[in-house]
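Okay, structure first, notes after.
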Amino acid sequence: SQQGEEDPQALSIQEGENATMNCSYKTSINNLQWYRQNSGRGLVHLILIRSNEREKHSGRLRVTLDTSKKSSSLLITASRAADTASYFCATPFLPGGYQKVTFGTGTKLQVIP
Amino acid sequence: GAVVSQHPSWVICKSGTSVKIECRSLDFQATTMFWYRQFPKQSLMLMATSNEGSKATYEQGVEKDKFLINHASLTLSTLTVTSAHPEDSSFYICSARSDRVNQPQHFGDGTRLSIL
């Protein structure tokens, strides 16, 4: 089944630094989504980038998409301790006539105050 | 933003008990709802996809008779873990989306199920 893979698996940085996470996927997509999960909680949608977009911004978040390389990156600028969480990319696809989303393995980000 | 409510958030019960988990979309019509299972420090594993008014589509390896899914309305889907055993202990998360193109999923806060 289609699944994104995030890289790195874990990342530890100091508060104020930037954090970059990468995602690779396998087949064609119409959009790619990034989510955040705090420990023991559900996922929070961060940003959706369409296949015809190359870059998108939302506050301190910047997402890029390279469909030729089947990869995306999430940049969090000026990180804060509250950004500590796991981050997942998700790629929807249309097997059997319905749309479902599968998630990558995630990047666990730790921001040290 | 869109809100999905999942209930209960935490369940502890004896082996053999059936447990029902509810997932409600509070401010939008959820054409499709998804049920995931997550083991500690791992990603979400999609269990099944349900569309309102039709039978759920289960992923390979997920037992239909074990995990009963009902999506009777555009705002409610339920997952029933039947005759639960300790190996069913996990974190279960639902999500919902509308039928509009290029829309994200909205997630509940998850249910931590512990079977003794």
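The values are calculated or read from the model by the stated rules, or taken from the named source; none is laboratory data. Because the structure is predicted, anything quoted here is derived from the model rather than measured. So basically every Cβ, Gly included, is an ideal-geometry build from the backbone, and we count neighbours across all protein chains shown. When the accessible area is computed, the model is the full protein with side chains, heavy atoms only, and any ligands, DNA or RNA have been set aside. Shrake-Rupley method; radii C 1.70, N 1.55, O 1.52, S 1.80 Å.
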Which listed pairs, of A:LYS26/B:LYS55; B:LYS41/B:LYS64; B:LYS14/B:LYS66; A:LYS108/B:LYS20; A:LYS70/A:LYS100; A:LYS100/B:LYS64, have C-alpha distances above 22 Å, in listed order: A:LYS26/B:LYS55; B:LYS41/B:LYS64; A:LYS108/B:LYS20
Residues listed by number, the stretch B:36-76, amide nitrogen under 17 Å from B:SER18 label point at 7 Å toward C-beta: B:56, B:63-72
Simple Cβ-charge dipole of chain B, Lys/Arg +1 and Asp/Glu -1, about Cα centre, in debye nearest 20: 100
With every protein chain in place, chain B: carbon and sulfur % of accessible area (1.4 Å): 50
Chain A - charge dipole about Cα centre, Lys and Arg +1 at Cβ, Asp and Glu -1, debye rounded to 20: 280
Highest-MSF residue in chain A out of A:GLY16, A:GLY59, A:GLY42 [GNM, Cα springs under 10 Å]: A:GLY59
Where no second cysteine Cβ lies under 4.7 Å, the cysteines concerned in the protein assembly as shown: B:CYS13
For the protein assembly as shown: span of alpha carbons on each principal axis (Å, largest first): 49, 39, 32
Point-charge dipole on Cβ atoms (K/R +1, D/E -1) for the protein assembly as shown, about Cα centre, debye to 20: 120
Exercise: per-residue mean of other protein chain Cβ atoms within 10 Å, A:42-49: 6
Volume in Å³ per residue [convex hull over Cα atoms, computed for chain A]: 96
Centroid-to-centroid separation of the stretch B:69-116 and the stretch B:40-67 [C-alpha atoms, Å]: 9
Cubic angstrom per residue, convex hull over Cα atoms of chain B: 101
Inter-label distance, nm, simple model (7 Å from Cα along the C-beta direction), B:HIS7/B:GLU59: 2.7
Cα shape, the stretch A:1-49, gyration tensor, a/c 1.5 rule: prolate
